[in-house]
Amino acid sequence: MPAFSTIIWVSGGVGLCYVLWKSGIGMLRSMTTPMPPPPPAGEMRRINVKYRCSMCGLELKMTLAPDEDPPPPRHCLEDMDLIAPIA
(Lines give C-alpha, C1' and ligand atoms only; values in the text may rest on other atoms or scores of the structure.)
Protein backbone atom coordinates (compact mmCIF):
# COMPACT_ATOMS: atom_id res chain seq x y z
CA MET A 1 0.00 0.00 0.00
CA PRO A 2 1.57 3.36 -1.05
CA ALA A 3 1.97 6.09 1.51
CA PHE A 4 -0.65 8.83 1.71
CA SER A 5 1.93 11.48 0.72
CA THR A 6 2.71 9.56 -2.48
CA ILE A 7 -0.97 9.54 -3.41
CA ILE A 8 -1.14 13.32 -2.82
CA TRP A 9 1.97 13.96 -4.97
CA VAL A 10 0.70 11.78 -7.83
CA SER A 11 -2.79 13.31 -7.79
CA GLY A 12 -1.26 16.81 -7.65
CA GLY A 13 0.94 15.97 -10.66
CA VAL A 14 -2.01 14.62 -12.61
CA GLY A 15 -4.03 17.75 -11.75
CA LEU A 16 -1.17 20.02 -12.83
CA CYS A 17 -0.81 18.12 -16.11
CA TYR A 18 -4.56 18.53 -16.74
CA VAL A 19 -4.41 22.30 -16.10
CA LEU A 20 -1.37 22.73 -18.38
CA TRP A 21 -3.00 20.61 -21.10
CA LYS A 22 -6.25 22.61 -21.02
CA SER A 23 -4.47 25.99 -20.99
CA GLY A 24 -2.23 24.93 -23.91
CA ILE A 25 -5.20 23.74 -25.96
CA GLY A 26 -7.02 26.99 -25.14
CA MET A 27 -4.04 29.08 -26.30
CA LEU A 28 -3.78 27.13 -29.55
CA ARG A 29 -7.50 27.55 -30.22
CA SER A 30 -7.30 31.29 -29.57
CA MET A 31 -4.57 31.58 -32.24
CA THR A 32 -6.62 29.77 -34.85
CA THR A 33 -9.86 31.74 -34.49
CA PRO A 34 -10.27 34.31 -37.29
CA MET A 35 -10.25 38.03 -36.59
CA PRO A 36 -13.70 39.62 -36.28
CA PRO A 37 -14.84 41.64 -39.31
CA PRO A 38 -14.26 45.40 -39.15
CA PRO A 39 -17.21 47.51 -38.02
CA PRO A 40 -19.39 49.08 -40.70
CA ALA A 41 -18.37 52.43 -42.19
CA GLY A 42 -19.38 55.40 -40.08
CA GLU A 43 -19.30 53.49 -36.79
CA MET A 44 -16.83 54.74 -34.18
CA ARG A 45 -13.69 52.66 -33.59
CA ARG A 46 -11.50 52.56 -30.47
CA ILE A 47 -8.05 54.10 -31.01
CA ASN A 48 -5.29 55.46 -28.76
CA VAL A 49 -3.58 58.45 -30.38
CA LYS A 50 -1.96 61.50 -28.77
CA TYR A 51 -1.49 64.87 -30.47
CA ARG A 52 0.38 68.04 -29.44
CA CYS A 53 -0.11 71.57 -30.71
CA SER A 54 3.22 72.93 -31.96
CA MET A 55 2.16 76.53 -31.24
CA CYS A 56 0.94 76.42 -27.62
CA GLY A 57 1.87 72.90 -26.41
CA LEU A 58 -1.69 71.66 -25.79
CA GLU A 59 -1.84 67.84 -25.70
CA LEU A 60 -4.91 65.85 -26.77
CA LYS A 61 -5.66 62.12 -26.49
CA MET A 62 -8.08 60.74 -29.08
CA THR A 63 -9.85 57.51 -28.10
CA LEU A 64 -12.66 57.21 -30.68
CA ALA A 65 -12.62 57.95 -34.40
CA PRO A 66 -14.63 56.95 -37.48
CA ASP A 67 -11.55 55.22 -38.97
CA GLU A 68 -8.28 53.74 -37.67
CA ASP A 69 -6.06 56.54 -39.07
CA PRO A 70 -7.93 59.81 -38.40
CA PRO A 71 -6.67 63.14 -39.71
CA PRO A 72 -5.01 65.31 -37.03
CA PRO A 73 -7.24 67.85 -35.27
CA ARG A 74 -6.60 71.57 -35.65
CA HIS A 75 -5.61 73.91 -32.82
CA CYS A 76 -4.27 77.48 -33.06
CA LEU A 77 -5.27 77.28 -36.76
CA GLU A 78 -2.57 74.59 -37.35
CA ASP A 79 -2.69 70.78 -37.59
CA MET A 80 -1.56 69.12 -34.37
CA ASP A 81 1.55 66.87 -34.36
CA LEU A 82 1.27 63.13 -33.64
CA ILE A 83 3.27 62.24 -30.49
CA ALA A 84 2.28 58.58 -29.95
CA PRO A 85 1.89 55.79 -32.48
CA ILE A 86 -1.50 54.31 -33.20
CA ALA A 87 -1.94 51.32 -30.90
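A few remarks follow.
Per-residue answers, yes or no, for (1) surrounded by 10 or more Cβ atoms within 10 Å (Cβ to Cβ); (2) modelled with pLDDT under 90:
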| site | (1), (2) |
| --- | --- |
| MET1 | no, yes |
| GLY12 | yes, no |
| ILE25 | yes, no |
| SER30 | no, yes |
| PRO34 | no, yes |
| ASN48 | yes, yes |
| ALA65 | yes, yes |
| PRO71 | no, yes |
| ALA87 | no, yes |
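- Picking from residues in region 25-60 that are basic (Lys, Arg) and assigned to a strand (DSSP E or B), the one that is farthest from the chain's Cα centre (by Cα) is ARG52.
The values are calculated or read from the model by the stated rules, or taken from the named source; none is laboratory data. Small disclaimer: the values here were computed from a predicted structure and weren't measured. We place every Cβ from the backbone using ideal geometry, glycine too, and count neighbours over all the protein chains shown.
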